[in-house]
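Below is one structure; the comments refer to it alone.
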Amino acid sequence: MMFPISGKVALITGGSEGIGAAIAKELLRAGLKGVTILGRSADKGTRMVEELTKEFGKGKAIFIRADVSTKEEIEEAFKKTVEIFNNIDIVVNNAVTLTKDWDRYITANLTGTIAGTMLAYETYLPKYASDNKGVIIIMSSQSGLYGEPSAPLYAASKSGGIALTISMGSEYHYNRTGIKVIAVCPGYTDTPGVGVGEGNFEGRAYYEAFLELIKDQPTPQPASAVGKAVVTIIKEARSGSIWMVHDSQSPYEVKMEVVKV
């Protein structure tokens, strides 16, 4: 299941900053041919492309403004990626949206992940992967594995990504497609977009009160630690596996008991 990154093309949702940007940089350092970054902020996306162009050269990165809560916008990004780079081999579902609207929160953070995964799995990677192999990374969280009293909807959406990984990454699906589906669960990381407060869960005080009870948090790991780990995981991990990345340590697989039916 070894997957070479050199010469491949990736699409990363939420790639303008934080973990998504770190993944883009580390993939390019590993020899990626090109990367498409999706995000809602044109300013942040443009700055990220300029930064990547300065480090890796012209034509290595493009930005497409897209809202992952809208399937049509995600698919348009897939189409533009193929038009510009001719291929698409790696898809990283990383975007996180904060909103007071619970329905929209789940639509963006779970349904958006499902849409990106299924478009990649059933349509674009089978047609446009450069060597008929592909990788889909679902960025989950330790909250998706163990829950998070201060952020219950965040935990629920990330838990859904883990179930999707186990299901779509099964041996049955891998054998029919050659596409690996893998979940990555970062621990406490210095990255925007995952907090609680005024913009999340209606700003309800009892969620923030819980944070006060656990305010002695460890120092967050840098986003770059997650980016480097994702490169290793893409290359080496088996389909359907779940990986933890915390305290800037090497990633390790979380063993999940799967009951066959």
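The values are calculated or read from the model by the stated rules, or taken from the named source; none is laboratory data. Just so you know, these numbers come straight off a predicted model, no measurement behind them. For neighbour counting, all protein chains shown are included, and Cβ atoms are generated from backbone atoms with ideal geometry for every residue, glycine included. Heavy atoms of the whole protein, side chains included, go into the accessibility calculation; ligands, DNA and RNA do not. Shrake-Rupley method; radii C 1.70, N 1.55, O 1.52, S 1.80 Å.
For the range 99-108, filtering for residues that are among the aromatic types (Phe, Trp, Tyr) and open to solvent by 20 Å² or more (accessible area, probe 1.4 Å) leaves 1. Within the range 1-57, which residues are in a helix (DSSP H, G or I), of a type in the set (Asp, Glu) and either surrounded by 14 or more Cβ atoms within 10 Å (Cβ to Cβ) or in contact with a His (Cβ under 9 Å, 6 or more places away or on another chain) (or both)? Correct list: 26, 51. Given the criteria more than 30 Å from residue 232 (Cβ to Cβ), of a type in the set (Val, Ile, Thr) and part of a helix (DSSP H, G or I), does residue 106 qualify? Yes: the conditions hold for residue 106.
Among the residues of the range 35-79, those that are farther than 18 Å from residue 121 by Cβ and touching a Gly at 6+ places or on another chain (Cβ under 6 Å) comprise 37, 39, 45, 60, 63, 69.
Condition check ((1) assigned to a helix (DSSP H, G or I); (2) open to solvent by 10 Å² or more (accessible area, probe 1.4 Å); (3) at pLDDT 75 or above) across all residues:
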{"position": "136", "(1), (2), (3)": "no, no, yes"}
{"position": "149", "(1), (2), (3)": "no, yes, yes"}
{"position": "156", "(1), (2), (3)": "yes, yes, yes"}
{"position": "161", "(1), (2), (3)": "yes, no, yes"}
{"position": "192", "(1), (2), (3)": "no, yes, no"}
{"position": "202", "(1), (2), (3)": "yes, yes, no"}
{"position": "208", "(1), (2), (3)": "yes, yes, no"}
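Within the range 226-256, being open to solvent by less than 40 Å² (accessible area, probe 1.4 Å), in a helix (DSSP H, G or I), more than 19 Å from residue 143 (Cβ to Cβ) and in contact with a Phe, Trp or Tyr (Cβ under 9 Å, 6 or more places away or on another chain) holds for one residue alone: 234. Taking the range 68-98 as the range and being modelled with pLDDT of 95 or more, open to solvent by 10 Å² or more (accessible area, probe 1.4 Å) and not in a loop (DSSP other than H, G, I, E, B) as the test, the residues that pass are 72, 73, 75, 76, 79, 80, 82, 83, 84, 85. Across the range 109-123, the qualifying residues are those that are among the hydroxyl-bearing types (Ser, Thr, Tyr) and surrounded by fewer than 24 Cβ atoms within 10 Å (Cβ to Cβ), and the one among them that is farthest from residue 237 (Cα to Cα) is 111. Of all residues in the range 11-25, those satisfying the criterion of being under 15 Å from residue 56 (Cα atoms) and either under 12 Å from the mean Cα position of the chain (by Cα) or of a type in the set (Ser, Thr, Tyr) (or both) are 21, 22, 23, 24. The single condition among (1) crowded, with 22+ Cβ neighbours inside 10 Å; (2) at pLDDT 95 or above; (3) assigned to a helix (DSSP H, G or I) that residue 126 does not meet is (1).
Among the residues making up the range 159-189, a single one is without any contact (Cβ under 8 Å) to a residue 40 or more places away in the chain and in contact with a Gly (Cβ under 7 Å, 6 or more places away or on another chain): 159.
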